[in-house]
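Structure first, then comments.
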Amino acid sequence: MSSSVEAGVPPEILAQYEPVIGLEVHVQLATRTKIFCACPTSFGAQPNSNVCPVCLGLPGALPVLNRQAVEMAIRAALALNCEVRQRSIFARKNYFYPDLPKGYQISQYDQPLAEHGSIEISLDGGKKRIGITRVHLEDDAGKSMHEGFKDSDRYSYVDLNRSGTPLIEIVSEPDMRSSDEAYAYLTDLKQVMQYIEVSSCDMEKGHLRCDANVSVRRRGADRFGTKAEVKNLNSFRFLKLALDHEIQRQIAILESGGQVMQETRLFNVATGETVGMRSKEHAHDYRYFPEPDLLPLRTSDAWRNRIREETPELPARKRERFASEYGIREYDAQVLTLTRAAAEYFEKAAAASGDPRTTANWVTGDLMGLLRAAGKDISESPVRAEDLGGLVRMIARGEVTGKLAKEILAKMFTSGESARAVMAREGLEQISDAGALEKIVEEVIANNPKQVAQYKAGKAAVLGFLVGQVMKASRGQANPSMVNEVLRAKLG
Amino acid sequence: MKITEQEVRYVADLANLKLSDEEVGRMVREMEEILNYVDKLNELDTSGVEPMAQVLFETDEQAGWREDVEHVPLGTEAGLANAPLSGAGYFKVPRVIER
């Protein structure tokens, strides 16, 4: 089917159909070494340097399972509320490609590591539960390069550094009904994987790769339509673009009386379209069979329970706790739980300040603004959480004004010092000395006879103006509550 | 067990083998012989016996696993030593058009 057909399906037609989407997400586990050999998984090494007989697929080499990869996979499965099987089986998935030197991928087939999970995703105006069909372990292939060399017209180049890198594949149920839901699912899945530290999920390095199964049906229909598998959705933007394109393409076909073909399609980044891969019809006959070189993967109750106990608080739970325990706004709770580092920073700062709500404002506002401008992550913040908490405590006690605090924070950000150290160095310490304050107050009274007269005539609101003048004269350093007191006393 | 010529061609294709018509005929006969021989196993009643893919059964939970500790890999030079064709640190293969 040519791509011109779907150009601009009218919205009222689109609205008559319901997309049905399931995602298959590959997550690279953050182990030091590969899944079946002890070669390093480091990124950016010289091509074909992190290799050995196992990951080169040399005859006679035998795989030895990496314990840490299994532990991370179990952690991920438990975080996705899956049942981890006591016994799962590795299987060979057979196909030919130059970056797969063994001639098969070691994966799991009919008895995967874990099944029957779910994740709750956050959507605009609500939450939705997305089923997780399965989580299984497998090894990655190497990398083929088809462009960029002087003889690329005749040769493809293969780097096997990535060959044997541990992956988990997370397969969802076809529970998503729009590209936005798919986007939210991938976002939340990524956040969970980062929280439990099984993957850095760096999409540019290919740590998170996504394929989608897409079909459409008339709203109200019971049965799913024929699905197409869309590959190569390796950024959040592409995911949405590709899904929207594919949904429109299928609707256009059905509207013109045609039938959607079950096929694999590749998203073309340049054109923003999905294109059918002209595969042979039996390309999917992988002839799975149990991997004879690896024992069944067995997990004891004790081990699974220990991993479950060690799993940190997950983002959704943390968000709810922040809102209820600290009384902060839901939006702030969301921003503060985006990463574990941000959440930890906030909690430390809040403990130091004794005022979580004001702390939340300062972290999400000024601090994050400064970090963004400096291109830094919160884990690299020059202002320590305790020091930000200290600053907020001083604001709460009325020892510094919010305006002065902003200046102090900027200086703390530059020097890495505490608020007190900055104030001492810059001569910004608060004027709480009654004598010094009285002197400033007297000057302000002398310079503003009109307002003083108004106040004395009963216009109490003028006091605010006079307080402001004192603060200004003291360059914000006067203790505001003392200023109030002294002014009232002087004005009698 | 009957093997068809079509099945032989299909399996050959999956295995990336190009067979002449004559070879296909021979394969039909030979594969049939092999399968008939293996078919003898079906004389045994194996209902209720769990299929076995690995010979080691009663082991510790994590027997034969390894810790996540690096070894020194081969390096590019040794890694490419057996390659029929290489360049710029890569294995080189005839250009791959599609998967």
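The values are calculated or read from the model by the stated rules, or taken from the named source; none is laboratory data. Remember, predicted model here, so these are calculated numbers, not experimental data. Ideal geometry is used to build each Cβ from the backbone, glycine not excepted, and the neighbour counts take in all protein chains shown. Surface accessibility is based on the protein's heavy atoms, side chains included, excluding ligands, DNA and RNA. Shrake-Rupley method; radii C 1.70, N 1.55, O 1.52, S 1.80 Å.
Taken across region A:287-296, residues that are of a type in the set (F, W, Y), within 30 Å of A:Q105 (Cα to Cα), more than 17 Å from the chain's Cα centre (by Cα) and within 14 Å of chain B (Cβ to nearest Cβ) do occur, with at least one present.
Let's see how each residue does on (1) outside any loop (DSSP other than H, G, I, E, B); (2) loosely packed, with under 10 Cβ neighbours inside 10 Å; (3) modelled with pLDDT under 90:
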position: B:E7; (1), (2), (3): yes, no, no
position: B:Y10; (1), (2), (3): yes, no, no
position: B:N16; (1), (2), (3): no, yes, yes
position: B:E23; (1), (2), (3): yes, no, no
position: B:L74; (1), (2), (3): no, no, no
position: B:P84; (1), (2), (3): no, yes, no
position: B:I97; (1), (2), (3): no, yes, yes
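For region A:35-43, the criterion of being surrounded by 20 or more Cβ atoms within 10 Å (Cβ to Cβ), assigned by TED's automatic domain parsing to the domain that holds A:L297, part of a loop (DSSP other than H, G, I, E, B) and of a type in the set (V, I, T) is met by at least one residue. Any residue at all in region A:213-226 that is part of a helix (DSSP H, G or I), assigned by TED's automatic domain parsing to the domain that holds A:G8 and open to solvent by 10 Å² or more (accessible area, probe 1.4 Å)? Among the residues of region A:213-226, not one is part of a helix (DSSP H, G or I), assigned by TED's automatic domain parsing to the domain that holds A:G8 and open to solvent by 10 Å² or more (accessible area, probe 1.4 Å), which makes the answer no.
Being in contact with a Cys (Cβ under 9 Å, 6 or more places away or on another chain) and either open to solvent by 10 Å² or more (accessible area, probe 1.4 Å) or part of a strand (DSSP E or B) (or both) is the filter here, so list the residues in region A:103-121 that pass it. Within region A:103-121, A:A114, A:E115, A:H116, A:G117, A:S118 meet the criteria. For region A:427-451, the tally of residues that are farther than 14 Å from A:E485 by Cα, open to solvent by 70 Å² or more (accessible area, probe 1.4 Å) and under 50 Å from the mean Cα position of the chain (by Cα) stands at 1. Within region A:299-318, is there a residue that is in contact (Cβ under 8 Å) with a residue 24 or more places away in the chain, more than 30 Å from A:A77 (Cβ to Cβ), open to solvent by less than 40 Å² (accessible area, probe 1.4 Å) and not basic (K, R)? Scanning region A:299-318 turns up no residue that is in contact (Cβ under 8 Å) with a residue 24 or more places away in the chain, more than 30 Å from A:A77 (Cβ to Cβ), open to solvent by less than 40 Å² (accessible area, probe 1.4 Å) and not basic (K, R).
Residues in region A:49-71 that are more than 7 Å from chain B (Cβ to nearest Cβ), under 20 Å from B:A63 (Cα atoms) and in contact (Cβ under 8 Å) with a residue 60 or more places away in the chain: A:V54, A:L62, A:P63, A:A69, A:V70, A:E71. Among the residues of region A:140-178, those identified as among the polar types (S, T, N, Q) and not in a loop (DSSP other than H, G, I, E, B) are A:S144, A:S156, A:S172. The sole residue among B:V93, B:V55 that is closer than 30 Å to A:V64 by Cβ, among the β-branched types (V, I, T), within 9 Å of chain A (Cβ to nearest Cβ) and open to solvent by 100 Å² or more (accessible area, probe 1.4 Å) is B:V55.
What are the residues in region A:406-426 that are without any contact (Cβ under 8 Å) to a residue 40 or more places away in the chain and open to solvent by less than 50 Å² (accessible area, probe 1.4 Å), if any? Scanning region A:406-426 gives A:I408, A:M412, A:G416, A:S418, A:A419, A:A421, A:V422, A:M423. When A:D180 is tested against (1) surrounded by fewer than 18 Cβ atoms within 10 Å (Cβ to Cβ); (2) within 14 Å of another protein chain (Cβ to nearest Cβ); (3) acidic (D, E), exactly one condition is not met: (2).
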